[in-house]
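Each remark here refers to the structure printed beneath this line.
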Amino acid sequence: MKVEEVKSTVKTQRISAHSHIKGLGLDENGFPIQMAAGLVGQEQAREAAGIVVDMIKSKKMAGRAILLAGPPGTGKTAIALAIAQELGNKVPFCPMVGSEVYSSEIKKTEVLMENFRRAIGLRIRETKEVYEGEVTELTPVETESPAGGYGKTVSHVIIGLRTAKGSKQLKLDPSIYEALQKEKVEVGDVIYIEANSGAVKRQGRCDAFATEFDLEAEEYVPLPKGDVHKKKEVVQDVTLHDLDAANAKPQGGQDVLSMMGQLLKPKKTEITDKLRREINKVVDKYIDQGIAELVPGVLFIDEVHMLDIETFTYLHRALESAIAPIVIFATNRGRCVIRGTDDIVSPHGIPLDLLDRLVIIRTLPYSRSELEQILRLRVTTEGLEIDQEALTCLGDVGARATLRYAVQLLTPASLTAKTNGRNNITKADIEEVSSLFLDAKSSAKILTQNKDKYML
C-alpha cells in the first residue's frame, strides 16, 4: 500500500514579482532603513517617496505629478507599489500601463479620463435610522384581495424585535415582507431594517440558539446592545468612476427588449463629458453639505513613453482640473522620440512642457551587495533554501546579466535541486540552469556571432 502525505487544502497565495513589498521601509523620522519592508537600497528615491506620501496624506498634493526615472530593473514599479501600501486601502490606487490607452472601442483620452476618475475616491458619510434586533414575532396580516375572487393579499406585517435593552413591535409595509422572505428571515434571526429605504439585512442567527444542533451551517451573532430603534453612521467609499458607470448605464424596464439588452454583453461605451460635469455638480453639493469628502488617490502610469503627443496634451488639462488625483509616471527611457511625432526628441520621451510640471525621482542601478540582499529576500518569499556559495554565484549572474534574470533562475534551480534529491539550492544547480537558459545579453551576442545563419 502506497502512503502519501495529504496536502493541505488551504488556498496558497500566488507569489508575484512584487509580493515581498510591504511599504517604503522608513523610520519614524522619514529616513530610509537600508533593508526594510521588502525594499533594498534606493535610499534617496525612498526618502523622496516618503515625502510624497506625507503630502498625499495631508491632501497637499492633488493635481501634481511625479516621474520615477531610471534604468530597467531598478525598482520603479516597486517604489510605486510601496507608496500604495503606505497609503493603505482607503486611498484609491489605480495602476495602468501607457499602452492601455490604445483601445479599438473608445478614444485614448477616454481611457485616460476613466483611470483618472478611478483614482479619485469619495467618502460618503450617512446617518441612517435603523431598527435592529432579534426577531421574536413575524406575522403577516392578510386581507381580501381588492381584485375580488378567493385570493388574499398581505396588507401589512407585524414584526417583534428584541435587543439586550428592550423590545419593540413594528407594523411594516407588505413590500418589506417580500424583502424579509428574500433574506429568508425566521424567528430567532438577528436583522436590521433601514427606516428610510426599508432595506432588510439578515446578520445571522442569534447565539442563544447556538446549542440547538451539534452541526450547523449557520453564522451565530450576539444579541444587539442598545435600543431597537437607533441611529447608525454608515461610511461608504466609492470612486468617481463608479458613479459615472452607475449613471451611464440605462436603467432597463420590465419589457422584453430591455431584458434582452441587459443579458447581451454591451460594447464598451464612452461616458460623456456632460454626464461627468453633472456628477461633479452633485459631488460638490455633497461636499458643501458635509455629507461627503473627496479622497484624491494615486494614478500610476507605467511605461509613460508609450503615450503619444495627443494624450500628453490631454494630460495638461486633466492635471489642471479642480478634481484631480496624484499622478505617478514611470519610465526607463533616456532621450527618445516622442510617440506620435517624427523627429521631436525629448528626455524620457515626454514633451518638455509636461516635464516642467513633474517632480523627478531618480532610481539608480543596484550595487553587487544589494543584488544579493534582494535575491535573499526573493528566496525567503518563494519559500526556498539556498547555500551562501550559490547566492554569491547568483549575485554574479545578476551583475553580469540583469537582476530580473537572476530572480527568474531561482525556481528552475530549486526544481533541479529537488531532482538531485536536495532541498537547498547549491552552486552546481545555479551553474546548470544558467547554462540551460540564456539571458538577453548572451542571446544578443550569439545572434551577432551567427548573424549569417538567421533570416533578416
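For residues in the range 89-116 being among the β-branched types (Val, Ile, Thr) and crowded, with 21+ Cβ neighbours inside 10 Å, which is farthest from residue 314 (Cα to Cα)?
Per the stated criteria, the residue is 91.
Can you pull out the residues in the range 393-408 that are open to solvent by 50 Å² or more (accessible area, probe 1.4 Å) and among the β-branched types (Val, Ile, Thr)?
Correct list: 402 only.
Search the range 217-240 for residues that are open to solvent by 80 Å² or more (accessible area, probe 1.4 Å) and pair each with any residue that is at pLDDT below 80 and in a strand (DSSP E or B) when their beta-carbon atoms are under 8 Å apart and the residues are at least 6 apart or on different chains.
Here the result reads 231/127; 231/128; 233/126; 233/127; 233/128; 236/126, each pair linking the range 217-240 to a residue that is at pLDDT below 80 and in a strand (DSSP E or B).
Conditions tested, residue by residue: (1) touching a Gly at 6+ places or on another chain (Cβ under 8 Å); (2) of a type in the set (Lys, Arg); (3) outside any helix (DSSP H, G or I).
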{"site": "411", "(1), (2), (3)": "no, no, no"}
{"site": "414", "(1), (2), (3)": "no, no, no"}
{"site": "422", "(1), (2), (3)": "no, yes, yes"}
{"site": "429", "(1), (2), (3)": "no, no, no"}
{"site": "432", "(1), (2), (3)": "no, no, no"}
{"site": "435", "(1), (2), (3)": "no, no, no"}
{"site": "441", "(1), (2), (3)": "no, yes, no"}
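When you go through (1) at pLDDT below 80; (2) closer than 19 Å to residue 227 by Cβ; (3) touching a Pro at 6+ places or on another chain (Cβ under 9 Å) one by one for residue 154, which number turns out not to apply?
Every condition holds for residue 154 apart from (2).
Considering 74, 127, which residue is part of a strand (DSSP E or B) and either farther than 19 Å from residue 321 by Cα or β-branched (Val, Ile, Thr) (or both)?
127
With respect to residue 91, determine if the residue is part of a loop (DSSP other than H, G, I, E, B) and either over 16 Å from residue 365 (Cβ atoms) or of a type in the set (D, E, K, R) (or both).
The answer is yes for residue 91.
Quick check: anything in the range 110-122 out of contact with any Ser or Thr (no Cβ under 7 Å at 6 or more places or on another chain) and basic (Lys, Arg)?
no
Here's the yes/no breakdown for (1) assigned to a strand (DSSP E or B); (2) among the hydrophobic types (A, V, I, L, M, F, W, C); (3) at pLDDT 75 or above:
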{"residue": "191", "(1), (2), (3)": "yes, yes, yes"}
{"residue": "198", "(1), (2), (3)": "no, no, yes"}
{"residue": "211", "(1), (2), (3)": "no, no, no"}
{"residue": "214", "(1), (2), (3)": "no, no, no"}
{"residue": "217", "(1), (2), (3)": "no, yes, no"}
{"residue": "224", "(1), (2), (3)": "no, no, yes"}
{"residue": "236", "(1), (2), (3)": "yes, no, yes"}
{"residue": "241", "(1), (2), (3)": "no, no, yes"}
{"residue": "247", "(1), (2), (3)": "no, no, yes"}
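Mind checking which residues of the range 57-75 are open to solvent by 20 Å² or more (accessible area, probe 1.4 Å), of a type outside the set (Gly, Ala, Ser) and in contact (Cβ under 8 Å) with a residue 40 or more places away in the chain?
Within the range 57-75, 59, 64, 71, 72 meet the criteria.
Hey, can you tell me all the residues within the range 362-391 that are assigned to a helix (DSSP H, G or I) and aliphatic (A, V, I, L, M)?
Result: 371, 374, 375, 377, 379, 390, 391.
Just checking: which of the strands (runs of 3 or more DSSP E) contained wholly in the range 295-340 hold 2 or more residues that are touching a Pro at 6+ places or on another chain (Cβ under 8 Å) and either under 20 Å from residue 69 (Cα atoms) or of a type in the set (Val, Ile, Thr) (or both)?
Once the strands (runs of 3 or more DSSP E) in the range 295-340 are filtered for at least 2 residues that are touching a Pro at 6+ places or on another chain (Cβ under 8 Å) and either under 20 Å from residue 69 (Cα atoms) or of a type in the set (Val, Ile, Thr) (or both), what remains is 298-302.
Could you list, in sequence order, all residues of the range 380-414 that are within 15 Å of residue 433 (Cα to Cα) and touching a strand residue (DSSP E or B) at 6+ places or on another chain (Cβ under 8 Å)?
386, 390, 394, 410, 413, 414
If only one of 436, 456, 415 is of a type in the set (A, V, I, L, M), open to solvent by 100 Å² or more (accessible area, probe 1.4 Å) and either touching a helix residue (DSSP H, G or I) at 6+ places or on another chain (Cβ under 7 Å) or in contact (Cβ under 8 Å) with a residue 24 or more places away in the chain (or both), which one is it?
436
Which numbered condition in (1) under 29 Å from residue 364 (Cβ atoms); (2) open to solvent by less than 80 Å² (accessible area, probe 1.4 Å) is the only one that residue 445 fails?
(2)
Filtering the range 177-194 down to residues that are open to solvent by 10 Å² or more (accessible area, probe 1.4 Å) and of a type in the set (A, V, I, L, M, F, W, C), which residue is farthest from residue 161 (Cα to Cα)?
179
Among the residues of the range 150-170, how many are within 17 Å of residue 130 (Cβ to Cβ), free of Cβ contacts under 8 Å to residues at least 60 places away in the same chain and of a type outside the set (A, V, I, L, M, F, W, C)?
2
Identify, from the list 381, 392, the residue that is polar (S, T, N, Q) and at pLDDT below 85.
381
The values are calculated or read from the model by the stated rules, or taken from the named source; none is laboratory data. If you're wondering where the values come from, they're calculated on a predicted model, not measured in any experiment. Here Cβ is always computed from backbone atoms with ideal geometry, including for glycine, and neighbour counts include all displayed protein chains. Side chains included, ligands, DNA and RNA excluded: accessible areas come from the protein's heavy atoms. Shrake-Rupley method; radii C 1.70, N 1.55, O 1.52, S 1.80 Å.
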